[in-house]
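Only one structure is covered here, and it is reproduced in the block below.
The values are calculated or read from the model by the stated rules, or taken from the named source; none is laboratory data. All values derive from a computational prediction rather than experimental measurement. Neighbour counts run over all protein chains shown; Cβ positions are idealised from the backbone, glycine included. Each accessible area value is taken on the protein alone, full model and side chains, heavy atoms only, with ligands, DNA and RNA left out. Shrake-Rupley method; radii C 1.70, N 1.55, O 1.52, S 1.80 Å.
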Amino acid sequence: MGAILLAALHHPFAGRDSAKKLVAGSLLNLIPGLNLLALGYALRLMRDVLAGEETEIPPWEGWGGLFLDGVRVLVVGGAFVLAPALLHWLGAGEVLTVLAFGVAAALEPMALVRLASFGRLRAAFEIGKIWQDVRLLFAGYFPAVLAWLAALFAFGLLLVGSRWPLAWILHGFVGFYLYIFFAALFGRVGSRTRMLRLTYC
């Protein structure tokens, strides 16, 4: 797992013109609406990593496809936040709500792996198959989830300790780096098995 994590941390800097690609994505990530392109770009990278094309981060092209992929990522992320939030709104206790958020946080990365692999939004909401995939990848998947949550926690602390406009700039630049890290990390974890072909129909 250590090698996978290290490779994912370095992946944003892989290949030619990586600095220009990162700056472009970070600037787009600063602008509401256009930040969907940054989300779509991360999904494209995850798709490349799942396919074994790990040499460098992809070029910025196919803007329409990037935007649509970004919308799909937003829908998946929103759904995995909304479900436990709705549970809380309906009167569930704090323990149950925290547990629901924990389960959602654990399953969402695999939902996005399935979205990247199959290109269909439906694949990201097949909870039974998501759980099967998680079980098949358990040894590598949950350490990756913990690493991702730790990175998000550190990023949250960084934002809380910063004032406008520094917090906005950090959101754009560090946030985009984290998108790429997430895509490279879970793309590698997902590519360690052929389970996606076994659980999707």
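Laid out as a table, the results:
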read-out	value
Within region 35-45, tally of residues that are open to solvent by less than 20 Å² (accessible area, probe 1.4 Å) and closer than 13 Å to residue 74 by Cα	6
Residue count, region 103-122 (criterion: over 13 Å from residue 46 (Cβ atoms) and open to solvent by less than 40 Å² (accessible area, probe 1.4 Å))	4
Region 45-64, residues that are farther than 22 Å from residue 19 by Cα and under 17 Å from the mean Cα position of the chain (by Cα)	50, 51
Residue list for region 73-95, restricted to those being hydrophobic (A, V, I, L, M, F, W, C) and open to solvent by 90 Å² or more (accessible area, probe 1.4 Å)	74, 82, 89, 90, 95
Of residues in region 127-160 being touching a residue at least 60 places away in the same chain (Cβ under 8 Å) and touching a Lys or Arg at 6+ places or on another chain (Cβ under 9 Å), the one surrounded by the most Cβ atoms within 10 Å (Cβ to Cβ)	133
Evaluation of residue 70 against (1) under 22 Å from residue 15 (Cβ atoms); (2) open to solvent by 30 Å² or more (accessible area, probe 1.4 Å) (one fails), failing number	(2)
Test: residue 48 is acidic (Asp, Glu), within 28 Å of residue 168 (Cβ to Cβ) and open to solvent by less than 40 Å² (accessible area, probe 1.4 Å)	no
Sole exception among (1) under 19 Å from residue 49 (Cβ atoms); (2) within 17 Å of the chain's Cα centre (by Cα) for residue 136, by number	(2)
Tally of residues being open to solvent by 70 Å² or more (accessible area, probe 1.4 Å), closer than 12 Å to residue 184 by Cβ and over 17 Å from the mean Cα position of the chain (by Cα) across region 7-34	1
Count of region 167-201 residues which are at pLDDT 95 or above and among the β-branched types (Val, Ile, Thr)	2
